[in-house]
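S.K.: My structure is below; once you've seen it, I'll send some questions.
Derivation of every value follows stated rules applied to the coordinates shown; laboratory data play no part. Owing to the predicted nature of the structure, the values given are computational and were not obtained by experimental measurement. So basically every Cβ, Gly included, is an ideal-geometry build from the backbone, and we count neighbours across all protein chains shown.
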Amino acid sequence: MTRFVENTITFPYRRSLGPVIGAFMTALADKRILGIRNGDGVMCPPLEWDPATGAELGGADALVEVGPVGTVESWTWVPEPTEQHPLDHPFAFALIRLDGATTPMLYAVDAGSPDAMSDGMRVAPRWKGERVGHITDIASFVPGEEPEVEGDDGGPLAEPVERMDYLASITYNNPVPPSSDFVVDASREHRLVGFRCPGSCGKTYVGGRGVCPIDSVEFGEQHAVDLPQKGTITNFVVITPVQYPGQTETEPFARVFVLLDDTDVVLGYQPVIELPVDDVKVGVRVDAVWASPGEETGDAPTMAGAFGSLVGWIPNGEPDVDDPDLVNRIF
Amino acid sequence: MAPSTDIAVVGWAQTPMVRRTDLSETALLLRVITDAIEPLGLTRADIDFTCLGSCDYITGQAFSFVQNLDAIGAWPPKRDSHVEMDGAWALYEAWLRLQEGDIDIAVVTGSGRSSTGDPALIYPMEMDPYYLAPIGADPMTFAALQARALIAAGIADERAMAEVSVRSRGKGDVDELLEGDYVREPLRRHDLPPITDGAAAMVLATGDRARQLVERPAYITGFDHRTECHNPALRALDDAPSVRIAAEAAGLGDAPVEVAELQAAFTHEELLLRRVLGLGEDVAVNPSGGALRSNPIMATGLCRIGHAADHIFGGGNRALAHSTSGPCLQQNLVCILEGRS
C-alpha cells in the first residue's frame, strides 16, 4: 500500500502593476472603472498593449472612465463555488460589457438564482466598503442600474497603488516512493542504507533515491546495502538565513558534504553538531548522530534527501585528513 | 511548414491511464520510455536527443523535470530539452532538432499526475494574474462560456455535445445524460474531461534509420502551432483562428485525411474543431476515445499524435493530430502524418 504525503506550497507573489493596470486598480478604490482607448474601441479591463497587434496603447493618457453599469453578454452559473471565487454562495460568472467599453470583462454576478440571469440584463458593481486598489474591490456585480457599497464607505486611497500581492497556495498529495520509506525505516534502527545499482555503473545511491540515473534501473530492497557511519567533510557552506516564510533558522549555520569511509558515497547538505561555524573546514572527521527514540520527526531533515532519523554529523576527534582533492567531492 | 528531411514517428507507448497512480512521475517515465524503445530494439544509448513535456504547477515541485532526467539515462551527458507544455510541443521541438540532420533518433515524452492537486484550484492560478487569477476564473467557467457562444452560433447544441460524450467514452445514453444537472450551464458532467494520471513516450527517427526500424513509418509531413490572446474575454469564442492557420500551414488541405485525433477535453470543443478544420462525416474523429476518455494533462496531446501514428502503422495513408493548451483552445498544434507505399 503506497503512502501518500500532503504538502501545501504557498508562493507569496508581489507584482508591479505598471502605469495602466496600476491606474485601473487605484481608480477602483475611488469606485471608478477605467478602460483604455484602442483604435475606435475601449478595452476594459485595460491592458498596456493591443492583444491583437502588440502595439502600445498610449499608457495612462489613453485611459477613459467607463461604466460602472454594464450589460451581461454571456454567463454561466457556478452552483458550487471554490475558496478562490469572490463569493461563498452560488453565483454567475458573466462577461460584462460596461457602458462605454467595447470588450467584456469577466466578473461575478450575485443574482441569487440562475433564473435571475439573462443575456442583455443590466448589472452594477457592489463595492466593498474598505477598498485597497485590487480587482476584488468589486465584491460582485448585482442586477440593476444602481451601484452599491457594502457597509461604511472607506473612501479612495491616499496614494496610487503600484503593486499587488497574490498568495498562490496549492495543496498536493504525492506518493512516497517505497525506496524512500525503506531508507527512513532503516534509519529508525540507526542504519544508513543506500542502494547499489545492479547495472553497468555499479554506483551506490543514498537518500532513498529510487532510480539509477545512469542505467535507468528502479531500486528495490534487494539492492539495499548498509553504509559506514563515519566519514570526512569534503566541502561546506555557511548560510546566513533570510527570513522568508517558513525559515526557522535565525543564526548563520553550516551545511557540509560528507564522504563516507571506504566508499564512493557523498552525503550532501548535512547538518553538523557540536561544530561551531568558525571551526567547520575541509578534512574534519565526523560520525553520524541519530535521533533518540521519540525525537524522530518522520520528516526528511535535509534538502538532499530522506535520511530519516539521521540528525547530522559530529566531530569524532580523529586527526583531520589533509587531501587537496577532497574539496572536489560534492557528488 | 514542410520538413527538409524525412522525419517519422516509429513507435510510442503510454502508461495505463488511471484516476490516481501510486507511481511517481519519474517512475511513470522510466517505464514508458522503456516500453517505447524496447520493441524497436533500441536502448537508451541509441537516443540522440530527448525532449520532455511536463508542468511544475501540476507536479507541485519546482524544477520537477530535473528528477525526470533519471528516466532517460543521461550519462554520459546527453542532448536534452524540456518544454513546460504538452508532450506534443516536445515532439515539435524534437522534429525541429532532427532537421539539423546530424542525429537520427529522438525520444519525446509527456507526463503528468493530475491527481496530485485539485485541477479546479490549480488552473485559475495560470490565468491573467491581475484580473482573472484573483477571482478564481476556472477552466470550466471559460469552457461553459465558449459552449454558450457555439450554441448561439449554431455550431453546437446540448444534444450534439452529449452525443460526442457517448461516442468518445463508448458508454451512456444521450437522453439520460441530458437530464443531469449542470456543472456550469450549459455543461454537464459528461461534457467535462476525466482527471487522469499517465505518461506517453514517442520515438522519432530520420530517413533510412526510420525505415530500418519499422516497416511503415508514420512520416510527419506537416507541423505547425499558433497561439491567440491569453484572455478569452477578448476573443471571439465561436471561432478558433489559430487552429485554422496551423492546419493550413501544416498542409491539411493538400489531401484528405482518414483519421483525426483532436484534443477536445470538453465535448463542444470537438464540434468547433470539426467545423474549423472542415472535417466531413467520412473522417473518423477520435477513434481512441480522445481526451474525454482519458485526459493525462501534459500527455493528452502527445497521445493524440500516437493514436494517429497507429493509424498509419496499421496501413492508413493520412491522419491529422491536434493538441491544445490554454483556456478555450488558446494555443493549437496540428500535425499531419502520412504513410508511404
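S.K.: Mind running the shape call on region B:255-329? Use the C-alpha gyration tensor, a ≥ b ≥ c as the square roots of the eigenvalues: rounded below 1.5 for a/c, prolate if a/b tops b/c, oblate otherwise.
M.R.: Working: a/c = 2.02, a/b = 1.25, b/c = 1.62.
Oblate, since a/c reaches 1.5 and b/c is not below a/b.
S.K.: Ranking B:His307, B:His322 by Cβ neighbours within 10 Å, fewest first, what do you get? Don't skip to the answer; put the middle values down first.
M.R.: On the way: B:His307 20, B:His322 29.
In increasing order of surrounding Cβ atoms, one gets B:His307, B:His322.
S.K.: Is there a simple number for the mean count of other chain Cβ atoms within 10 Å of the Cβ of residues in B:20-32, and what is it? Working shown, then result.
M.R.: On the way: counts 4, 2, 8, 4, 8, 2, 7, 6, 0, 2, 6, 2, 0.
Per-residue shielding by partner chains comes out at 4.
S.K.: Within a 10 angstrom radius of each residue's Cβ in A:11-21, how many Cβ atoms of other chains show up on average? Whole number is fine. Numbers along the way, then the final one.
M.R.: Working: counts 2, 0, 3, 0, 2, 0, 1, 1, 0, 0, 3.
Counting Cβ atoms of other protein chains within 10 Å of each residue's Cβ and averaging gives 1.
S.K.: Amide H of B:Ile7: which non-local residues (sequence gap of 5 or more, or other chain) have their own amide H closer than 5 Å, using H built in the peptide plane?
M.R.: B:Gly207, B:Ile220
S.K.: Treating only the Cβ of Lys, Arg, Asp and Glu as charged (+1, +1, -1, -1), what charge dipole size does the protein assembly as shown show about its Cα centre? Round to the nearest 20 debye.
M.R.: Numbers: 50 positive and 98 negative charges, 251 e Å.
Charge dipole, the protein assembly as shown, about its Cα centre: 1200 debye, nearest 20.
S.K.: Can you work out the Karplus-derived ³J(HN,Hα) for every residue in region A:245-254? Use 6.51 cos²θ - 1.76 cosθ + 1.60 with θ = phi - 60°, whole Hz, and x for glycine or proline.
M.R.: Per-residue couplings from phi come out as x, x, 6, 9, 7, 10, 10, x, 9, 9 Hz.
S.K.: Here's a follow-up. Taking H placed 1.01 Å from N in the peptide plane, check which residues at least 5 places from B:His82 or on another chain put their amide H under 5 Å from its amide H.
M.R.: Answer set, sorted by chain and number: B:Leu52.
S.K.: Continuing with this model, one more query. Please average, across the residues of B:228-241, the number of beta carbons from any other chain that are within 10 Å of each residue's own beta carbon, and give a whole number. It would help to have the intermediate numbers written out before the result.
M.R.: Values: counts 2, 4, 2, 7, 2, 13, 9, 3, 0, 2, 0, 0, 0, 0.
Taking all residues of B:228-241 together, the mean is 3.
S.K.: To continue, here is another question. Please give the charge dipole size of chain B, origin at the Cα centre, charges +1 on K and R Cβ atoms and -1 on D and E Cβ atoms. Round to the nearest 20 debye. All intermediate terms of the calculation are to be shown ahead of the outcome.
M.R.: Values: 28 positive and 47 negative charges, 50 e Å.
The calculated dipole for chain B is roughly 240 debye.
S.K.: Around A:Gly129, under 15 Å between beta carbons, what's the net of Lys plus Arg minus Asp minus Glu among the other residues?
M.R.: Numbers: positive: A:Lys31, A:Arg126, A:Lys128, A:Arg131; negative: A:Asp30, A:Glu130, A:Asp137, A:Glu148, A:Glu150, A:Asp152, A:Asp153.
Net charge around A:Gly129: -3.
S.K.: List B:Ile103, A:Ile214 from most exposed to least, where exposure is judged by having the fewest other Cβ atoms within 10 Å.
M.R.: Values: B:Ile103 16, A:Ile214 19.
Lowest to highest Cβ neighbour count: B:Ile103, A:Ile214.
S.K.: Now for a separate question. Taking θ = phi - 60°, what integer Hz values does the Karplus form 6.51 cos²θ - 1.76 cosθ + 1.60 yield along region B:149-162, in sequence order, with x for Gly and Pro?
M.R.: Here the 3J(HN,Hα) series is 5, 5, 5, 5, 8, x, 8, 9, 9, 4, 5, 4, 5, 5 Hz.
S.K.: If you count, for each residue, the other Cβ atoms within 10 Å and average over each peptide, how do B:256-263, A:28-35, A:226-233 line up from highest to lowest?
M.R.: Values: B:256-263: 22.8, A:28-35: 21.1, A:226-233: 19.4.
Peptide ranking by packing, descending: B:256-263, A:28-35, A:226-233.
S.K.: Kindly rank B:165-176, A:86-97 from highest to lowest mean number of other beta carbons found within 10 Å of each residue.
M.R.: A:86-97, B:165-176
S.K.: Also: Could you sort the peptides B:273-285, A:62-74 by per-residue average Cβ neighbour count (10 Å cutoff), highest mean leading? Provide the component values of the computation, followed by the final result.
M.R.: Values: B:273-285: 15.8, A:62-74: 19.7.
Most protected by this proxy first, the peptides run A:62-74, B:273-285.
S.K.: Skipping prolines and chain starts, which residues have an amide H placed within reach, meaning under 5 Å, of the one on A:Phe141, given they are 5 or more residues away or on another chain?
M.R.: A:Ala108, A:Val109, A:Asp110, A:Arg126
S.K.: Right, here's the next one. Okay, helix-only estimate at 222 nm for chain B: each DSSP H run of n ≥ 4 adds -39500 (n - 2.57), divide by all residues, round to 500 deg cm²/dmol; what do you get? Spell out each step's value before the answer.
M.R.: Working: 13 runs with 113 residues, N = 341.
One gets -9000 deg cm²/dmol as the mean residue ellipticity at 222 nm.
S.K.: If you take every DSSP beta bridge whose two residues both sit in region A:177-328, what share of them, in percent to the nearest 5, is antiparallel?
M.R.: Details: 26 of 27 bridges.
Just about 95 percent of them are antiparallel.
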